[in-house]
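Working notes for the structure below.
Please treat every number below as a calculation from the coordinates, not as lab data. Worth saying up front: this structure is predicted, and the values here are computed from it rather than measured. Every residue, glycine as well, gets a Cβ built from its backbone with ideal geometry; the counts of neighbours run over all protein chains shown.
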Amino acid sequence: MKDSYTVSEALQLAQNYCAYQERCHKDVEQKLKSINMIPEVILHIISQLIEGNYLNEERFAKSFARGKFSIKKWGKHKIVRELKLRDISKYNIKSALKEIDEENYFKTLDELAKKRLLQLKEKNIYKRKRKLCDYLLYRGWEPYLVYEKASELIK
């Protein structure tokens, strides 16, 4: 990277950055700050990116939710937490969660729990259940679903 960029060079850099992968406003803002752009220019570039449809928070949120659920097997709590960290609006978070098919959601929880249970070597039933619950809660699954699933699988 070079020391300074013109506004048009920074815009081009930001367009490429957004074209490579869906980004949120916060990611783009951090990228522009990292190349020492001033706040007024950052706002100008972000508005240009929105106008050019390079930047769309709803599209980002939906893509993020689909990807983290299908690839990393994250639960809705973790997805929501991560989207909030990126300053995504409640409306867009709600919209993103609709991308996750309910039937597939429960099926994924079941598969994840069963797979983890096979990996646990703990003999004590209570510790075994605790370890399974901790794992699923860490992955962002809703507590009531986690405890229900643990009770179903470990008797």
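Please state which of the following conditions A10 fails to meet, knowing it meets all the rest: (1) farther than 20 Å from E58 by Cα; (2) part of a loop (DSSP other than H, G, I, E, B). The one condition A10 does not meet is (2). If G140 satisfies all but one of (1) surrounded by fewer than 18 Cβ atoms within 10 Å (Cβ to Cβ); (2) in contact with a helix residue (DSSP H, G or I) (Cβ under 9 Å, 6 or more places away or on another chain), what's the number of the condition it fails? That leaves (1) as the condition not met.
Reported count of residues in the range 42-66, each being of a type in the set (G, A, S) and over 10 Å from E99 (Cβ atoms), is 2. Considering the range 82-111, the residues that are among the hydrophobic types (A, V, I, L, M, F, W, C), within 18 Å of the chain's Cα centre (by Cα) and assigned to a helix (DSSP H, G or I) include one that is surrounded by the fewest Cβ atoms within 10 Å (Cβ to Cβ), namely L85. Here A14, A10, A19 are screened, and the one residue that is small (G, A, S) and in contact (Cβ under 8 Å) with a residue 40 or more places away in the chain is A14.
Scanning the range 1-32 for residues that are surrounded by 13 or more Cβ atoms within 10 Å (Cβ to Cβ) and among the small types (G, A, S) yields A10, A14.
How many of the residues in the range 60-81 are in contact (Cβ under 8 Å) with a residue 40 or more places away in the chain, among the aromatic types (F, W, Y) and in a helix (DSSP H, G or I)? Number satisfying all stated conditions: 1.
Take the range 33-49 and flag every residue that is surrounded by fewer than 14 Cβ atoms within 10 Å (Cβ to Cβ) and in a helix (DSSP H, G or I). Across the range 33-49, the qualifying residues are K33, S34, P39, E40, L43, S47.
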